[in-house]
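Novice: Just dropping this structure here.
Since every read-out is calculated from the coordinates, none of them should be taken as a lab result. This one's a predicted model, so the numbers in the text were calculated from it and none came from an experiment. Cβ sites come from the backbone with ideal geometry, for glycine too, and all protein chains shown count toward neighbours.
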Amino acid sequence: MKGKLILIIGAAASVLAIATWGIAEKDEAGPHEVEKSAEPRTEAHGEAAVPALALDRQTLALSGIVTTALKPVSRRQETQAFGTVLPLQDFIDLHNRYIDAKSQAEKARAALAASSREYERLRALNADGRDVSDKALQAAEAVWRSDEAALRASRANLAAIEGNAAQQWGGVLAKAVLGGGALFNQFLSQQRALIQVNVPAGATILSPPQTVRVQGPDGSYATGELISRAPRTDPRFQGTSLFYHAPANALLPGMTVSAYLPTGALTQGVVIPASAVVWWQGNAWAYVETQPGRFARRELPTSNPVEDGWFASKGFAAGEAVVVTGAQQLLSQEFRSQIQSGEEGEEGGEKGERK
């Protein structure tokens, strides 16, 4: 009886040990299975394989990932140029010099008209033998000749200012500044900013575009309107220079800006929203949901920035679902999964060696 009791107790202990071992194995496997909810893979896209990530339904539901369908967009190819927001003091000084010279010319013209009439009056009196001496007539003639010379000099000075302004700023801008027109007044009131856009050397601009996209240092965009070609170039760029004016909201004199000139053919593509872009190793990337729960990371060229993101003519297609919320989370999950996969491979290798 005692021996039978010992056998029963031993069997119970064995069952309990097996049950405990099974629970321990399950506990160890639980986190491992959760880690595998996101599996890194590669997916063919174009000529090269791109990183992809597969999420199970539960992880996808908890992730808060939001996608949006890309819409087709048509844009003209653009040439990137650099511009400088010009200070207005030179224009103010030029305008003031011109007004002063114009005033001097008007005074000289009025003085000449008066001295000319006086000379003619004295000459008529002298010819009739009245009490006007030759000396008085000669003095009146001298004043007249002097006023005539002063008018020629003032007009020459006025023409020189106009010519120099046209040589330095071009006829259209010079006329606006010298004449004090609406555009000049908008410059003075800081409603508009004057920008000299310098096209890179080698880039051909047959017909300057009427409008350009101007990007300020803060990343904001403004639309610049063409004034004219500049009669001189910036020695730093050695290319064609153009004058544009744009709203002066965030454009301050002395700022260096980027300008995008629509000079190429019309191109079909999509706009990748800024919220969809993640940065890694200095490059821009976006995740596309190629299948339910499967996300492919694709590189995004950043040569064509637009106001709300980047324009892409290849690599992405209209109708594809791009991740606009949770892209950074996917990038972190992707590399976490790669690290875990590498660690598992190393552990498997070590176990094989121990065997």
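Novice: Report, in debye and to the nearest 20, how large the dipole of segment 51-146 comes out about its Cα centre when Lys and Arg carry +1 and Asp and Glu carry -1 on their Cβ.
Specialist: Here segment 51-146 has a charge dipole of around 360 debye.
Novice: While we're looking at this one, here's another question. For ILE65, what residues show an amide H to amide H distance below 5 Å, using hydrogens built from the backbone and excluding near sequence neighbours?
Specialist: Amide H neighbours of ILE65, under 5 Å, 5+ apart: none.
Novice: Let me ask another. Of the options ALA149, VAL172, ILE161, report the single residue whose Cα projects farthest towards the positive end of the charge dipole of segment 140-180 (beta-carbon charges: Lys, Arg +1; Asp, Glu -1).
Specialist: Projecting each Cα onto the dipole axis, the largest value belongs to VAL172.
Novice: Sticking with this one: Can you give me the Kirkwood hydrodynamic radius for segment 167-307, using every pair of distinct Cα atoms, in Å to one decimal?
Specialist: That comes to 17.6 Å for segment 167-307.
Novice: How would ARG294, ARG121 line up from fewest to most surrounding beta-carbon atoms within 10 angstrom?
Specialist: Fewest-to-most ranking of ARG294, ARG121: ARG121, ARG294.
Novice: Same structure again: For segment 95-100, take each phi angle, set θ = phi - 60°, evaluate the Karplus expression 6.51 cos²θ - 1.76 cosθ + 1.60, and give the result in whole Hz per residue in order, putting x for glycine and proline.
Specialist: Using θ = phi - 60°, the values come out as 4, 5, 4, 5, 4, 5 Hz.
Novice: Could you state the number of Å between the C-alpha centres of segment 178-225 and segment 255-299?
Specialist: 27 Å
Novice: Over what distance in Å are the Cα centres of segment 64-134 and segment 231-250 separated?
Specialist: 22 Å
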